[in-house]
Amino acid sequence: MKIGIPRGLFYYYFSDLWISFFEKLNISYIISPETNKEIKELGNKYSTDEMCLSLKNYIGHVAYLSRYCDVILVPRIDDFGKYEQTCTNFMACYDIVNNLFDVKVLDYNISLSSHDTLYKGMKRIGKFFGKSNKDIRRAFLCATIKSNKLNKVRIIDNINRLNLTGKKILLVSHSYNTYDSTIGKPVIDYLEKLGCIVIYSDLFDKAACRRKSLELSPDIYWKYSKESIGSIALCGDKIDGIIFLSVFPCGLDSLVNELVIRKINKKCLNLVIDDMDAFAGIETRLESFVEIV
Amino acid sequence: MKLSKVGFPHIGNYYVPATYLFSNILHSDIVSAPHISQKTIELGVKYSPSFVCTPFKYTLGTLLEVIEKGADCVVQLGGGCRYGYYHELQRTIISDLGYDVKFINLVIAGKASVFRVYRELRRIDKHFRRFKSLYYLFITMKMVKYMDLIDDYIREYVGFEVNDGEMEKLNESMLKEFSGVKGYFDLKRVYKKYNSLIRKVKVDIPRNVTKVGIIGELYTIMEPFSNYFIEKSLASFNMSIKRYTNASYLMMGKGKFIKKNIKKYSKYVKYRMGADATDNIIRAVDMCRDGFDGIIHIKSSFCTPEIGSMGIINKVCCDYNVPVLFFSFDSNTSRVGLQTRLEAFNDMIEMRKK
């Protein structure tokens, strides 16, 4: 039995953990390729037209995977505590996918306010494949330690980049947009081509970011938005410019980014990417922004 | 001591109980906003970010209108979903425009806490009536419930009245009397009087009634201006309309309803999908089973939870073979286009019946 992992939304938060967990338990898995034209078209075909671009791409990944595997892993994340909720797409993703496709969908639920933890979820997945409690616990421990280590290395690398000399630009965006090959990758590549040092907003100490975010917005209650705007307060004067990257009708970014842009007095650029394939316009905007900085 | 002037955004007719509550527990003046008009939306759209959901634009427009009328303290209710975060951005926008107003938000992150409400109310008026407020809150809840009961009846039968406009007139005069009630028993007396009056209005019900259910996003569904009076247009086609989403349901019954039903409908929905999406799916299945002739789903544009539920509702209606019509209202939807689509929907239902 093969489990399919769509490369979108949740993948960018849990990929290290999932992969080492499955490897430890000898479960064969398949990860969908980087977002390409075929996947984009599949996403457009199956999704409702007002959905946000990231969710459309995610549905495209699921559609692509459904030909190659038996079950697909689609978690559902509600909240990480009372004031750390997530986007409603994260809450609805499982039901949307389950109703769209005939393939079996394997799910787990994270909702700390009703005591559904990540461990419980992974245990369910292990049980589905007939593994013993002991094996699952060991694999989960190993996976958490490994993913934390990998994350730490990335964070240190990111913070070291802050001390380099050159034009340092903070890219404020959700992980699933930053590393997607059609949304964030071209932007980052182009910025590096222009000689800028790109600093990622999601590679900072998460808890510190969340604490710092309250300086900019005291009543914010979305975990991932907290982490991305907290990085702005954490970087302080070390950066030269800020780029806000969001996809077209993103619910959280439409409010949070607008608020932050009004509150900070730094040079910033608000980039909104939609599913048109016109990168030339974005290139011009990036170029002029880098020149201003 | 200087009294503050309080203003708040409107949803449908619920400004009556809200005004009643605030005027009784606070020692301050209430500035009532004018009814939502084209000017309100224009104001809201001008100062809002581009792809925020439409209720943000409406509420910002009303708040700006209230401030222009002289309010120096505005109250946002807040709630779950994105609605709980509106106040933060609206406060910044209003202060950037140069107005000096107190901004109060009662609920955050969808969970009402007594301490927060108490703290925020003290910011308006330090000596607000603490113990009286519980009594008035009770009366307000009852008032909302009575209003919804009357509204439900009107929605069901207004399409078949013999003399047009009778029910609406009665409803308006009831609201006027509601705003001046002295206590719970007074409220109950007024309700009973109008209940019997409205039930006496002559209706001519044909044998084969067309029943249509309306589901959707809460602000658009409850504020008639933002859905271009869709209920009135439907009533003009002689339809009986059913709508479950109203203030008393959102305040009292929602959590219980979902908890009770979510397991029974696990074929379509397993988890809560945020905001009203889950109950809308459950309602849609219910309506299909009860033999409704059609379902209309309305939402404001960019409403994320409803967009997720649309695909599932579509699937439900395909399974039960019931027609469904989706509307997405923006600040510049044209009324004529809406009317044409409704007419086509009505024709289709009538053809199916034959």
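Annotations for the structure displayed:
- Test result for B:Tyr219, open to solvent by 20 Å² or more (accessible area, probe 1.4 Å), closer than 23 Å to B:Met143 by Cα and under 19 Å from the mean Cα position of the chain (by Cα): no
- Residues in the range A:176-227 that are assigned to a loop (DSSP other than H, G, I, E, B) and surrounded by fewer than 18 Cβ atoms within 10 Å (Cβ to Cβ): A:Ser181, A:Leu194, A:Gly195, A:Asp205, A:Pro218, A:Asp219.
- If you go through the range B:302-314 and pick out every residue that is open to solvent by 10 Å² or more (accessible area, probe 1.4 Å) and in contact (Cβ under 8 Å) with a residue 40 or more places away in the chain, you end up with 3.
- Filter result for A:Asn257 (closer than 26 Å to B:Pro305 by Cα and part of a helix (DSSP H, G or I)): yes
- Criterion (open to solvent by 40 Å² or more (accessible area, probe 1.4 Å) and more than 19 Å from B:Arg341 (Cβ to Cβ)) met by exactly one of B:Gly274, B:Gly291: B:Gly291
- Candidates in the range A:87-99 are the residues that are free of Cβ contacts under 8 Å to residues at least 24 places away in the same chain and of a type outside the set (A, V, I, L, M); of these, the one that is surrounded by the fewest Cβ atoms within 10 Å (Cβ to Cβ) is A:Asn99.
- Close contacts from the range B:47-61, counting a first residue that is at the interface with another protein chain (Cβ under 8 Å from one of its Cβ atoms) and a second that is among the β-branched types (Val, Ile, Thr) and buried (at least 22 other Cβ atoms within 10 Å of the Cβ), with Cβ to Cβ under 9 Å and a gap of 6+ residues or different chains, come to B:Cys53/B:Thr304.
- Any hit, the range B:175-195, residues being within 18 Å of B:Asn13 (Cβ to Cβ), surrounded by 15 or more Cβ atoms within 10 Å (Cβ to Cβ), in contact with a strand residue (DSSP E or B) (Cβ under 8 Å, 6 or more places away or on another chain) and modelled with pLDDT of 85 or more: no
- For the residues A:Ile110, A:Ile72, the requirement of being surrounded by 19 or more Cβ atoms within 10 Å (Cβ to Cβ), away from every other protein chain (no Cβ under 14 Å) and either touching a Pro at 6+ places or on another chain (Cβ under 8 Å) or modelled with pLDDT under 90 (or both) singles out A:Ile72.
- The listed residues are A:Asp16, A:Asp102, A:Asp49, and the only one of them that is within 29 Å of A:Asn133 (Cα to Cα), surrounded by fewer than 21 Cβ atoms within 10 Å (Cβ to Cβ) and among the acidic types (Asp, Glu) turns out to be A:Asp16.
- Some residue of the range B:254-271 being under 15 Å from the mean Cα position of the chain (by Cα) and more than 14 Å from chain A (Cβ to nearest Cβ): yes
- Residues located in the range B:62-81, provided they are open to solvent by 10 Å² or more (accessible area, probe 1.4 Å) and either at the interface with chain A (Cβ under 8 Å from one of its Cβ atoms) or among the aliphatic types (A, V, I, L, M) (or both): B:Ile67, B:Leu77, B:Cys81
- For the range B:317-332, filtering for residues that are farther than 18 Å from B:Asp347 by Cα, modelled with pLDDT of 85 or more and either facing chain A (nearest Cβ under 9 Å) or not in a helix (DSSP H, G or I) (or both) leaves 1.
- Residues satisfying the stated conditions in the range B:234-266, i.e. of a type in the set (D, E, K, R) and at pLDDT below 85: B:Lys254
- Set A:Glu84, A:Glu41, A:Glu34: member being more than 16 Å from the chain's Cα centre (by Cα) and open to solvent by 10 Å² or more (accessible area, probe 1.4 Å): A:Glu41
- The range A:44-69, residues that are within 20 Å of the chain's Cα centre (by Cα) and away from chain B (no Cβ under 14 Å): A:Asn57, A:Gly60, A:His61, A:Tyr64, A:Leu65
- Looking across the range B:227-253, the residues that are under 14 Å from the mean Cα position of the chain (by Cα) and β-branched (Val, Ile, Thr) come down to B:Ile230, B:Thr245.
- Odd one out for A:Ser132, checked against (1) within 13 Å of chain B (Cβ to nearest Cβ); (2) small (Gly, Ala, Ser); (3) open to solvent by 20 Å² or more (accessible area, probe 1.4 Å): (1)
- Number of positions in the range B:232-251 that are part of a helix (DSSP H, G or I), closer than 30 Å to A:Asn99 by Cα and open to solvent by 50 Å² or more (accessible area, probe 1.4 Å): 1
- Summed over the range B:97-138, residues that are within 11 Å of another protein chain (Cβ to nearest Cβ), among the small types (Gly, Ala, Ser) and surrounded by 14 or more Cβ atoms within 10 Å (Cβ to Cβ) total 2.
- Of all residues in the range A:94-107, exactly one satisfies the criterion of being under 19 Å from the mean Cα position of the chain (by Cα) and more than 8 Å from every other protein chain (Cβ to nearest Cβ), namely A:Val97.
- Against the test of being out of contact with any His (no Cβ under 8 Å at 6 or more places or on another chain), within 30 Å of B:Leu64 (Cβ to Cβ) and not acidic (Asp, Glu), the options B:Tyr157, B:Tyr118 yield a single qualifying residue, B:Tyr118.
- Any hit, the range A:255-277, residues being more than 23 Å from A:Phe14 (Cβ to Cβ), within 14 Å of chain B (Cβ to nearest Cβ), crowded, with 17+ Cβ neighbours inside 10 Å and of a type in the set (Asp, Glu): yes
- Pair list, Cβ under 6 Å, 6 or more apart: the range B:137-153 residue in contact (Cβ under 8 Å) with a residue 60 or more places away in the chain, other residue among the small types (Gly, Ala, Ser): B:Val144/B:Ala247; B:Val144/B:Ser248; B:Lys145/B:Ser248; B:Asp148/B:Ser248
- Scanning the range B:153-174 for residues that are within 20 Å of B:Ala18 (Cα to Cα) and surrounded by fewer than 17 Cβ atoms within 10 Å (Cβ to Cβ) turns up B:Glu172, B:Ser173.
The values are calculated or read from the model by the stated rules, or taken from the named source; none is laboratory data. No experiment lies behind these values; they were computed from the predicted model shown. All Cβ positions, glycine included, derive from the backbone under ideal geometry; neighbour counts span all protein chains shown. Accessible surface areas use protein heavy atoms only, side chains included; no ligands, DNA or RNA. Shrake-Rupley method; radii C 1.70, N 1.55, O 1.52, S 1.80 Å.
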